[in-house]
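Before I ask anything, let me first share the structure, which is written out below as structure tokens.
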Ligand code: KIV
């Protein structure tokens, strides 16, 4: 049965854990969605894993629309979440135009990187029929500000700011939060204090959802994998089995394990 945001939120409210994997084309969208994954993320990580770039910054709206359409064509009933690429949401008007393009390409919701400064944008998107996910913590589009791909929120003031930002975007109407590379204790506080479903990647076990880049969890590519990645192909015979294992491990709480967490 097709996943929709309302039903997914009901399942999460009943204590169910949910899953998200990236896909950038119709074959992967079919594979991921027909093996139990709730949300397909058309991530701007495609800049690195598909285009071979050093970061996500070169990814354009044209790229995102092309890949979102391809994913929508192969999707078997998962929610499709499309990333708004670098500099596609720097003000509300630009965000509305670009989010509209992604929705017309087949997205069911959009993901934006940032914090409290996104509140008005999130409200406007919702008014115009666009659900949103706000990505906090290590936001790869800000890699040049961070000086590298580093864990975020380790200092007390940064952690308090992230919690406050999470409250602000929740009140503004965001539907989902995504936390990347934050200490598990901070992610736990956000899950406990903020009334939104949270997807984690390198954020420990407290978040209700988990996301990974599909190529990473299938052991593809020769690049060094971040600590939070598990290669599910190492213990499975086929990509379909590896995805099913990811789904069952997230649901039964065995992924992520302590070795995938940050303190
Ligand atoms: O672009 C992406 O794949 C992402 C995930 C790493 C969360 O944003």
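The values are calculated or read from the model by the stated rules, or taken from the named source; none is laboratory data. Please read these numbers as outputs of a predicted model, since none were measured by experiment. No Cβ is skipped: glycine too gets one built from the backbone with ideal geometry, and neighbour counts run over all protein chains shown.
Kindly provide the set of residues from segment 250-263 that are without any contact (Cβ under 8 Å) to a residue 12 or more places away in the chain and either in a helix (DSSP H, G or I) or touching a helix residue (DSSP H, G or I) at 6+ places or on another chain (Cβ under 6 Å) (or both), ordered by number.
Selection gives 258 alone.
Please work out if residue 108 is more than 14 Å from the ligand (Cβ to nearest atom), over 23 Å from residue 147 (Cβ atoms), touching a strand residue (DSSP E or B) at 6+ places or on another chain (Cβ under 8 Å) and modelled with pLDDT of 95 or more.
So residue 108 fits the description; yes.
Here's another thing I want to ask about it. From 183, 239, grab the single residue that is closer than 23 Å to residue 51 by Cβ, at pLDDT 95 or above, more than 16 Å from the ligand (Cβ to nearest atom) and crowded, with 17+ Cβ neighbours inside 10 Å.
239
Would you tally the residues in segment 1-25 being part of a helix (DSSP H, G or I), touching a residue at least 40 places away in the same chain (Cβ under 8 Å) and either within 14 Å of the ligand (Cβ to nearest atom) or within 22 Å of residue 103 (Cα to Cα) (or both)?
3
Provide a single number: the residues in segment 217-226 that are at pLDDT 95 or above and surrounded by fewer than 18 Cβ atoms within 10 Å (Cβ to Cβ).
2
Would you be able to say whether some residue in segment 149-156 is more than 23 Å from residue 9 (Cα to Cα) and modelled with pLDDT under 95? First the steps, then the outcome.
The first filter runs over segment 149-156 and keeps only residues more than 23 Å from residue 9 (Cα to Cα), leaving 149-156.
So of that shortlist, the ones also modelled with pLDDT under 95 come out as 149-150.
Yes: one or more hits.
Could you say whether any residue in segment 227-235 is more than 16 Å from the ligand (Cβ to nearest atom), touching a helix residue (DSSP H, G or I) at 6+ places or on another chain (Cβ under 6 Å), within 27 Å of residue 124 (Cβ to Cβ) and modelled with pLDDT of 95 or more?
No: segment 227-235 contains no residue that is more than 16 Å from the ligand (Cβ to nearest atom), touching a helix residue (DSSP H, G or I) at 6+ places or on another chain (Cβ under 6 Å), within 27 Å of residue 124 (Cβ to Cβ) and modelled with pLDDT of 95 or more.
Looking for something buried (at least 21 other Cβ atoms within 10 Å of the Cβ) and within 11 Å of residue 165 (Cβ to Cβ) - is there at least one such residue anywhere in segment 110-121?
Yes, there is a match, as at least one residue in segment 110-121 is buried (at least 21 other Cβ atoms within 10 Å of the Cβ) and within 11 Å of residue 165 (Cβ to Cβ).
Within segment 186-215, can you find the residues that are within 14 Å of the ligand (Cβ to nearest atom) and without any contact (Cβ under 8 Å) to a residue 60 or more places away in the chain?
187, 198, 200, 201, 207, listed by residue number.
If residue 80 satisfies all but one of (1) out of contact with any strand residue (DSSP E or B) (no Cβ under 8 Å at 6 or more places or on another chain); (2) more than 12 Å from the ligand (Cβ to nearest atom); (3) farther than 16 Å from residue 198 by Cα, what's the number of the condition it fails?
Tallying (1) out of contact with any strand residue (DSSP E or B) (no Cβ under 8 Å at 6 or more places or on another chain); (2) more than 12 Å from the ligand (Cβ to nearest atom); (3) farther than 16 Å from residue 198 by Cα, residue 80 fails exactly one: (1).
Just one of (1) more than 16 Å from the ligand (Cβ to nearest atom); (2) crowded, with 22+ Cβ neighbours inside 10 Å trips up residue 154, so point out which.
(2)
Residue by residue through segment 29-50, note down the ones that are within 14 Å of the ligand (Cβ to nearest atom), surrounded by 24 or more Cβ atoms within 10 Å (Cβ to Cβ) and more than 17 Å from residue 102 (Cβ to Cβ).
32, 37 - these are the residues of segment 29-50 that are within 14 Å of the ligand (Cβ to nearest atom), surrounded by 24 or more Cβ atoms within 10 Å (Cβ to Cβ) and more than 17 Å from residue 102 (Cβ to Cβ).
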